[in-house]
1. Quick one: among 37, 224, 173, which has the greatest mean-square fluctuation in a GNM of the chain with alpha-carbon springs under 10 angstrom?
2. Please give the contour-minus-distance gain from residue 38 to residue 268: 0.36 nm per residue of separation, less the Cα-Cα distance, rounded to one decimal in nm.
3. Run the simple label-point estimate for residue 6 and residue 212 please: 7 Å along Cα→C-beta, distance reported in nm.
4. Using 7 Å Cα-to-Cβ label points, what is the residue 204/residue 293 separation (nm, one decimal)?
5. What FRET efficiency, computed as 1/(1 + (r/R0)^6) with R0 = 35 Å and r the Cβ-Cβ distance, is obtained for residue 179 and residue 283, rounded to the nearest 0.05?
6. With the Cα gyration tensor of the stretch 143-273 giving a ≥ b ≥ c as the square roots of its eigenvalues, does the rule (a/c under 1.5 for rounded; else a/b larger than b/c for prolate; else oblate) give rounded, prolate or oblate?
7. So what is the relative contact order for the chain, in percent, with contacts set as C-alpha pairs under 8 Å and at least six apart?
8. Under 8 Å for C-alpha pairs, at least 6 residues apart: give me the relative contact order for the stretch 184-271, rounded to a whole percent.
Amino acid sequence: MRPSSDVAELAAGVRAGQLRAVARTLTLVEDEHAALPELMAGLTRSVPDSLVVGITGAPGVGKSTLTSALVSPLRARGSRVAVLAVDPSSPLTGGALLADRIRMQEHALDRGVFIRSMASRGRLGGLARAVPQAVRVLLAAGYEVVLVETVGVGQSEVEVARLADTTLVLLAPGMGDAVQTAKAGLLELADVLVVTKADLPGADVLAGDLRRMVRLGTPDWPPPVVLTSATQHRGAGEVLEAVDAHHGWARGTGGLEVRRLRRAQTEIEAVLVEATRTRLGPQLYAARLERLAAEVLDGSRDPYDAALRLSRPALGS
Ligand SMILES: Nc1nc2c(ncn2[C@@H]2O[C@H](COP(=O)(O)OP(=O)(O)O)[C@@H](O)[C@H]2O)c(=O)[nH]1
Ligand SMILES: [Mg+2]
């Protein structure tokens, strides 16, 4: 894909909501393709009525199950919905993504639902660019709701969850208590706390502990605690109500705008880093970074000078 006409055609396909164009573009985003700058220029668009929801929590907590359950009520109110399952370490968790696919299969034939998993090829910071870009592609394609499911609760996933308009943190009975959640910084991250698997023993105790914890913090927006059970088919509607309530509150207070600005800032910064890598070529970039790091470590160079030399190859090494 080189000629500008191809790129323009692809962007037009995305804007028209063509599935193949959207899928192809997301692959280019994943691969950090050289045509991205031109492609993204054709996909710039303000979508103020959009809703981007981050869904995070430990593997197995029930993220994919809840994500799938949220799609139906969203579709019922007329939204086109995209699901982005973010996998920071694709080779190892391929099985999890396959399971996600199966869990979301009930929506497979619905043209108003787009489901896609995305890997970051294990590069630090790669998700910071790829996820906001992918979200922008999906919004440009006319999906006004994007559900971003992260695979775990590692640092990069938490960063990704922070980029959403509204972030759900999921916990299940028997998978860590309220104190651990608070220690991991997940209470501050949460706009809505969801206790999944409420059909299992311990769910009410966990929910009660979480509510007490939330009250201790006295935040501007105390995250509501919602119980869900996939086996009993309950809770998804309440989760959506809580998401709407948070979205409305964030819109009213200006917090939504702040988050969206942060998403754009993160993307710009990530593009800056990746542009340097692209300009040098990944091998040279990695080699140079490694050498500069060694020099910083042995005290022969300060980190500022190292950063300058990394970003400005003309300075030599
Ligand atoms: N008992 C029970 N099991 C659930 C519930 N939700 C999900 N599960 C099961 O928990 C496992 C992990 O669910 P999944 O959605 O893939 O979790 P993820 O790794 O966080 O995406 C699956 O076997 C689900 O069937 C629930 O509400 N109750
Ligand atoms: Mg999952």
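Values in this text are rule-based calculations from the coordinates and carry no lab data. Every value quoted in this text rests on a predicted model; they were computed, and no experiment measured them. Using ideal geometry, Cβ is built from the backbone for each residue, glycine included, and neighbour counts are taken over all protein chains shown.
1. Among 37, 224, 173, the largest GNM mean-square fluctuation belongs to 37.
2. Extra length from residue 38 to residue 268 when fully extended: 81.3 nm.
3. 6.2
4. 5.1
5. Given R0 = 35 Å and the Cβ-Cβ separation, E is 0.15.
6. Prolate.
7. Across the chain, relative contact order equals 18 percent.
8. 29
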